[in-house]
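> The structure under discussion is supplied below as structure tokens; questions concerning it will follow.
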Amino acid sequence: MDYVNRPIGRGLSPPGPLKPMIAVPTTAGTGSENTNVTIFDIHSMRVKTGISNQHMRPTVAVVDPLTTLSLPPMVTASSGLDVLNHAIESFTSHPYTAREKPPHSPDERPVYSGATPISDIFARQAIMWVHRYLRRAVADPLDIEARYYMMLGASIAGIGFGHAGVHVPMPWHTR
């Protein structure tokens, strides 16, 4: 709990770099191979939270669409919608210019900077590939082209939201 994000945990930083980590995604979904965040549920508290730290970014990722060929159609569809949601959340995050004041020190800098023109490029491209390839990947598990672009879409959505951040989308009429 020392490293779990505040207010659930103490939000402390590790004392130094972690051991090298190799990420091998097996679904075209979260894009977490490109982020410095891990998300999990604490069932006893009925909360979803995480740990965010620059040291948690994987050292290398092996992103191979062939790892997704045996996924059931519902897992393929659900993972693809995760890509879409992450990309939309990244694209609609508060802009990086919306911060009221800079942090006192670099150690206090937030993990997510807010939407930027660069994160928007990643989000738009991921949305486009989900639109073009998700139905194909669900309909034909051996459609390597569709699997390739869904995996690539997940990875670049991860780059985008790993920088900009994600949020709980709200209906437009409540904003």
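Just so you know, all these numbers are worked out from the coordinates, no wet-lab data involved. Nothing here was measured: the structure is a model prediction, and the numbers come from that model. Here Cβ is always computed from backbone atoms with ideal geometry, including for glycine, and neighbour counts include all displayed protein chains.
> In the chain, what percentage of the DSSP-assigned beta bridges are antiparallel, given to the nearest 5?
Once the DSSP bridges in the chain are tallied, antiparallel ones form about 65 percent.
> Quick one: dipole size for the chain, taken about the Cα centre, charges +1 on Lys/Arg Cβ and -1 on Asp/Glu Cβ, in debye to the nearest 20.
320 debye
> Can I ask one more? Can you order the peptides 131-140, 55-64 by their average number of other Cβ atoms within 10 Å per residue, highest first?
Per-residue Cβ counts within 10 Å, averaged per peptide and sorted highest first, yield 131-140, 55-64.
> Next up: If you fit an axis through the alpha-carbon atoms of helix 73-91 and take the longest principal axis of the Cα set of the chain, what angle between them do you get, 0 to 90°, nearest 10?
Taking the Cα atoms of the chain, the angle to 73-91 is about 40 degrees.
> Now for a separate question. Nearest 10 degrees, 0 to 90: what angle lies between the long axis of helix 144-164 and the longest principal axis of the chain (Cα atoms)?
Between helix and principal axis, roughly 10 degrees.
> Choose one of P117, I159, P17: the residue whose Cα lies farthest towards the positive end of the charge dipole of the chain (beta-carbon charges +1 Lys, Arg; -1 Asp, Glu; about the Cα centre).
P117
> Where does the chain land at 222 nm, in deg cm²/dmol rounded to the nearest 500, when only DSSP H runs of n ≥ 4 count, each adding -39500 (n - 2.57), divided by all residues?
-12500 deg cm²/dmol
> Can you give the direction-averaged projected area of the convex hull of the alpha-carbon atoms in the chain, in nm²?
Result: a mean projected hull area of 11.8 nm².
> Per residue, how big is the convex hull around the C-alpha atoms of the stretch 1-86? Give it to me in cubic angstrom, could you?
Residue-normalised Cα hull volume stands at 117 Å³.
> Can you tell me the orientation of helix 117-139 relative to the chain, as the angle in degrees between its alpha-carbon axis and the longest Cα principal axis, to the nearest 10?
Helix 117-139 and the main axis of the chain meet at about 30 degrees.
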